[in-house]
Every structure is written in C-alpha cells, then in structure tokens.
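One structure is given below, encoded as structure tokens.
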Amino acid sequence: MPKIISREIRLASRPKGLATADNFNLAQVELERPKEGQVLVRNLYMSVDPYMRGRMNDRKSYVPPFELGKPLEGGAVGEVVESRASQFKPGDIVTSNLGWREYFLASAKELRRVSRDIQPLSVYLGALGMTGMSAWAGLELVGVKAGEVIYVSAAAGAVGNVAGQLAKLRGCRVIGSAGSDQKLKFLREECGFDSAFNYKTGSVHDQLRLAAPEGIDVYFDNVGSEPLEAALSALRVHGRIIACGSISAYNDEKPRPGPSNLFNITSKRLTMKGLLVLDWLDRWKDFEQETGGHFRAGKLKHQETIVEGIESAAPAFIGLFEGQNVGKMVVKLS
C-alpha cells in the first residue's frame, strides 16, 4: 500500500520575546503503514495554547522543552484511518497530544477514544478537553462554592470563559476582564457573567473595585501582572487565588517585578495555590460528569475561534498573545 504524505510544523529556532513566523518550519514527511500494535490517525482539529510558549524555551520546567527541528506537540482530535491495535478501528474518533501534524502513527496507549456524537468534535480541545479540565480543576483546587464572588482574568479565553460559566452554574457571582467590547458582550450575553470590564480602557484596580465594591472571595488568575495586583487588593479576608497562568509574562525576556502589595497575603490570610492540570487527570471522570453534563444539557457554552489549514497553526499561536481569539483557538486541518 502507498505511504502517507503528511505535513507537520517544526520548531526552527527558539523565540526571543514574542514568537514570529521565522521560529517555525512547515515540513513534509512520509509515514509507513502501521505495524502491529500501532494506529494511523488523521488529525481533524489541533489546539494552540499559551503554555506552549514556555516549552519553546530551552529550560527545565514541568514538561520537557520542544526540540529544535522536531514537530511540536499539543492537543488534537483525529480519526483512525488504519489500526493494527485491537482497541481501535477505522472511523474511531480519538484525542491525543500529537497535534501540529496532519497524520501520525501512535500506540494505543497514546490515544483516548471519544464519542463522535458530541459536536463539534473540537469541543474535546476546549470545554470538554484540557482547557475545560483546567477551569474545573481550578474551582476544585480552592473549593469554590455557591454565594461567593469570583473574578476571572483573561475571561474570554479558553480556560477563563469555562471557569466563569462553571462558577456561575455553582451559584457564584462572576466578574471577568477581557480586552475588547466583543469579548465583553460574549461574557455577559453568552457566558452569563454578572459583570465584565475592559482592562485596556482603565485601571484594573478601579474597575474591579466598581464591579465588586465589597470585595471578592476568589481570583482565577490567567494573567499575572496588573490583574493579580488588583485582585490582592480586592480579596476579602481568607480569600483564595487560583494561579493557573500568567500570559502577560510568557514572552518576557527578563523577569518583571512582582506585585507591590504581596503583604495582603499575610494581612488578609490569603491562600494562593498553583494549578497544573496534569495533577488532576485521575479526576477526569468527575470533570466529565459535571462539565460534560452541563454541556449536553445546553447549560455550558463552547466558544471557539477557528482557523483552517496546518499552515495557519503558527499564526494562530502567535495570535493568542495579540488577543485574536474569543474562546478556544482551534486549527481545523484539511
């Protein structure tokens, strides 16, 4: 049988500051047919996520850095083309961490079968995927409960909008910040946020104080920087911070100074907990039961920004840091 021709995106050089198109290379490869125990998958959708920027640096972290000259990795949804593993058959829909390529060979243990009946299939990269899991795990991490006031930064992003929606479904009052009128409308009208403000049009501290004059109980941090400092001032005694991400600093070449008001952690007896979704994978069934149940019932909205073609993957990734996405940024593959 003929070989499969596949295109893939490789890391050509390590970015300095914001990544550029020159840091990526589009390559073509030939794949053999699967051997015993292997599965051939054609990717349908792939994810680009802010955390990938850290893996482009050559330094030790919680996941190994991407290798120069090798294809990048990330979440993907694909269809089994050919299988020599008893666990899968042609036509099965699977998720993997082998994105940034059109086809791939993998062992059965690298794949997870998902239902074709859930549409769109790209939701397995968003609300029902690792970003949705991050949102759910963050709420679990600090025990968010009904009646509390929660502030979410980067609220129109993939994690932020799901975190806010789940908190609202748990009976919280939810405040979000985002960077455009379109995103604010999405948060209020689609996601049900009680309040949303544009961090670009005024002081985050002042706008958060107006939105929550009596303070907040929980801050879901996706940004760091000014929103974190504002939240430290707004948090009530015994408030909690979910440290999920810090997108404002991912492209910094030198560390920036931390918040000037960290003493609030002491004076207010605050709790700040770091969140890595990889620590929560053993709770996947719990996540799916709550989040999947809300999605199937039509109570949880899945918003995504879709670009098409493997050649659009690098521009889509760069666009994350320019605020080009509402909800999950997804690349649809031909």
Members of Lys16/Lys285; Lys254/Lys299; Lys35/Lys332 lying beyond 32 Å, as alpha-carbon distances in this model show: Lys16/Lys285; Lys254/Lys299
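Between Glu67 and Ser180, take the C-beta separation as r, use R0 = 35 Å, and let me know the FRET efficiency to the nearest 0.05. Write out the running numbers ahead of the final one.
Values: r = 36 Å, r/R0 = 1.02.
Working from the Cβ atoms, E equals 0.45.
At 1.4 Å probe size, with every protein chain present, just tell me what the per residue accessible area of the chain comes to in Å². Provide the component values of the computation, followed by the final result.
Details: 15290 Å² over 334 residues.
Each residue of the chain exposes 46 Å² on average to a 1.4 Å probe.
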Restricting segment 175-283 to chymotrypsin sites (Phe, Trp or Tyr not before Pro) in coil, as DSSP defines it, with at most 13 other Cβ within 10 Å: Phe263
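From the helices alone, meaning DSSP H stretches of at least four residues, give me the mean residue ellipticity at 222 nm for the chain, per-run term -39500 (n - 2.57), in deg cm²/dmol to the nearest 500. Don't skip to the end; give the middle numbers.
On the way: 10 runs with 71 residues, N = 334.
When only DSSP H runs of four or more count, the value is -5500 deg cm²/dmol.
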Surface share of carbon and sulfur [accessible, 1.4 angstrom probe, percent] for the chain: 50 percent
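Grab the eigenvalues of the alpha-carbon gyration tensor for segment 232-284, scale each by 5, take roots, and send me the semi-axes largest first in whole angstrom.
Working: eigenvalues 103, 82, 10 Å².
Semi-axes from the Cα gyration tensor: 23, 20, 7 Å.
The values are calculated or read from the model by the stated rules, or taken from the named source; none is laboratory data. Please read all numbers here as calculations on a predicted model, not as lab measurements. Reconstructed Cβ throughout: ideal geometry from the backbone, glycine too, with neighbour counts over all protein chains shown. For the accessible areas, the whole protein counts, side chains as well, though only heavy atoms, and no ligand, DNA or RNA atoms are used. Shrake-Rupley method; radii C 1.70, N 1.55, O 1.52, S 1.80 Å.
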